[in-house]
Amino acid sequence: MIEVAVIPAAGKGTRLRPATRVVPKALVPVVDRPAIQYGVEEAARAGATEVIVIVDPGVGELVVRHFTEEGPLPGLEHVEVIPVVQEEARGLGDAVLTAREAVDGRPFLCLLADNIPRPGGDVLDRMAAAFDGLSLVCLRTLTDEFLSRYGVIVPGGEPDGPVVPVAGAVEKPGVEAAPSRLGLIGRYLFTPEVFDVLEDLPPGVGGEVQLTDAIDLLGRSGRCAGYVADTDLLDIGNPLGLVEATTVLAAADPRFGERYRAFLAEEWCP
Ligand code: UTP
């Protein structure tokens, strides 16, 4: 069982301006809860009891208050939420590295809370179950458009069920340079080896310390495998994605999904 999860949530959230001028992206509501709560709930479903949230200075306390203020949230009674501050947004790789001390030498789940699974579409729990000592990164077959927006792996051999060997990775390669169509979609299970790799990494694409570059080095030394997901994640990091995610989650909500679907049908598909 992997007991600890890391959720990097210290990015600038510029694509969600003006919503994120003051409110951090982690606290932007989706249906009836802030985005970060979906991440903590997903980590808990995968077995985590300690969730380290990487926040920018000034926000950590607010995030923790959300999880504690009126007592524990239903279903999260056994989960401790721990904020760790990333002083400056130097990139996702740097954000993960700030969790090193709190992770304390254990393997850990890592998830980006601006990507929310569809209802019933968890993959992190399956990755935790498949863990055999190698870092494991979640992959999805990408269409052309996404090859310039995501990290893409170099496959290192034939798949064994959902698991493929990873021989390397390239951040945002674009169609021409892409070594495959298998993209990194924001769910990972790392061994503490990743910290040694991140520590020595120079900034990469966009001047940021890229998690993809660490995955590249792990892959090159035969220390990483991929887990191909059979469903995509909802991306709340941009306005249209936020609305789409809200619609999918609201339409599936047992409390009012039926009424919401009727509303959508009446309003737009008469
Ligand atoms: P993104 O690049 O998608 O997020 O980073 P962003 O920077 O918040 O968004 P935009 O592009 O400005 O709109 C992916 C994830 O990595 C985290 C973000 O919070 C997000 O969950 N991140 C990124 C950090 O925690 N620290 C960083 O320095 C960069």
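Computed from the coordinates by the stated procedures, all read-outs in this text should not be read as laboratory data. All values reported here derive from a predicted model rather than from experimental measurement. Cβ atoms come from the backbone with ideal geometry, glycine included; neighbour counts cover every protein chain shown.
Filter region 1-58 for residues that are within 10 Å of the ligand (Cβ to nearest atom) and closer than 14 Å to L73 by Cα; which is farthest from the chain's Cα centre (by Cα)? In this case the residue turns out to be I36.
Within region 43-80, the residues that satisfy the criterion of being in a loop (DSSP other than H, G, I, E, B) and either within 21 Å of A129 (Cα to Cα) or acidic (D, E) (or both) are A46, G47, A48, T49, D56, E70, G75, L76, E77, H78, V79. Pairs meeting the criteria (first residue in region 40-66 and within 15 Å of D122 (Cβ to Cβ) and in contact (Cβ under 8 Å) with a residue 40 or more places away in the chain, second residue assigned to a helix (DSSP H, G or I) and charged (D, E, K, R), beta carbons under 6 Å, at least 6 apart or on different chains) are R45/D125; A46/D125.
Restricting attention to region 76-132, the residues that are small (G, A, S) and more than 16 Å from the ligand (Cβ to nearest atom) add up to 6. Against the condition out of contact with any Gly (no Cβ under 6 Å at 6 or more places or on another chain) and part of a helix (DSSP H, G or I), how does R126 come out, does it pass? Yes; evaluated as a whole, the condition is true for this residue.
Remark: pairs (first residue in region 109-122, closer than 27 Å to E193 by Cα and in a loop (DSSP other than H, G, I, E, B); second residue away from the ligand (no atom under 16 Å from the Cβ) and not β-branched (V, I, T); Cβ separation under 9 Å; 6+ apart in sequence or on different chains) = D122/R45; D122/A46.
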